[in-house]
Amino acid sequence: MLDQALTILLEFLPIYAACYAVNVFLYFATGWVLVKIQDRHPERRIQQNRRGEKRMWKEIRASVYSLTVTAGCLAGGIFLSMKGWTLVAPLELTWWSAILMFVVSILAFDTWFYWGHRFMHTKAMYRFHAEHHRSVAPTVWSTYSDDLVDAFVMQSYYLWAVIFLPIPIPVLIVHRLWDHFNGTIGHSGFEFWASPMSRMPSPMVCVTFHDQHHSRFRYNYANFFSFWDRVCGTIDPKYDEQVKVFEQMGEKSAAKPAAPGE
């Protein structure tokens, strides 16, 4: 029994190490690129009177730590699928199954995230979520600035999803990559994505959506879409209005003639 457990552990550890290394690399690489872009456009900062960058090193330390849990959940899901320890077998990977299961997984994750996020805001659980909300003005470094319990609740989707959904491993990995880039941009604190597609009647969102959650705390709990917040009445009442303001800013910026030599 001990030998079998050791064999399983030795099989799992390389997958875990690879997941952690890639997650940490993408955390720093994506953050660095976005900061370089943002430095050229200070007018796009959502909370002009706050500077979340002051917490940068605290957020980085917390993120590198919490990514041990996020990577563990992803590695665990991959490992369970590889070993066949699931209730359903993954679909054969084809173009149609990849698209289908990616959409299913995104919708399932958004539902999990909304209700899990609201759970973390209850009196019993908020002490585990409070670390993330120390970043009142979030930055690219805030994305994974979580307590370990918080990280597990929000990211354990990757562990259990393969048990109940026939998600091929490559699709699960692509979903995680999508979630990483979406989460990092969503925490960036700079709005470049405001458009009619990110407000009513569209279910899509822009950076303002999650930024308002950090600055106002009791609104905008979902991740990819505004559907659950609108249905459950937790959408920030100023969300659509603020998106329009950034839309107009983008239109003015696009219409501004380039200076000589640009």
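Data table
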{"item": "Cα-based Rg and Dmax for region 178-219, where Dmax is the largest Cα-Cα distance (Å)", "result": "10.2, 26"}
{"item": "Base-10 log of normalised Debye intensity for region 194-256 (one unit scatterer per alpha-carbon) at q = 0.12, 0.16, 0.23 Å⁻¹", "result": "-0.28, -0.47, -0.88"}
{"item": "Highest-fluctuation residue, ILE99, ILE167, ILE15 considered, GNM on the chain with Cα pairs under 10 Å", "result": "ILE99"}
{"item": "Rotationally averaged projected area of region 1-80 (alpha carbon convex hull; nm²)", "result": "6.9"}
{"item": "Gain on full stretching of the segment that runs from LEU148 to PHE192 - 0.36 nm per residue minus C-alpha separation", "result": "12.8 nm"}
{"item": "Once the Cα gyration tensor of region 150-262 is diagonalised, semi-axes √(5λ) in Å", "result": "31, 19, 12"}
{"item": "Packing-based ranking, highest mean first, of 223-229, 85-91 given that Cβ atoms within 10 Å are counted", "result": "223-229, 85-91"}
{"item": "Residue of GLY31, GLY250, GLY76 that the Gaussian network model of the chain assigns the largest fluctuation, springs spanning Cα pairs under 10 Å", "result": "GLY250"}
{"item": "Kirkwood Rh in Å, taken over the chain so that all alpha-carbon pairs contribute", "result": "19.6"}
{"item": "Reach of LYS58 by Cα under 18 Å, taken over aspartates and glutamates that are not fewer than 8 positions away in the same chain", "result": "GLU131, ASP146, ASP147, ASP150"}
{"item": "Linear extension gain, GLU43 paired with TRP160, 0.36 nm per residue minus alpha-carbon span", "result": "38.0 nm"}
{"item": "Sparse-neighbour loop sites [trypsin sites (Lys or Arg not before Pro); region 92-144; at most 10 other C-beta within 10 Å; DSSP]", "result": "LYS123"}
{"item": "Under the Debye formula (equal points on every Cα, no solvent term), log10 I(q)/I(0) of region 52-168 at q = 0.16, 0.17, 0.23 Å⁻¹", "result": "-0.82, -0.88, -1.21"}
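Coordinate-derived values only; no laboratory data. Computed from a predicted structure; not experimentally measured. Neighbour counts run over all protein chains shown; Cβ positions are idealised from the backbone, glycine included.
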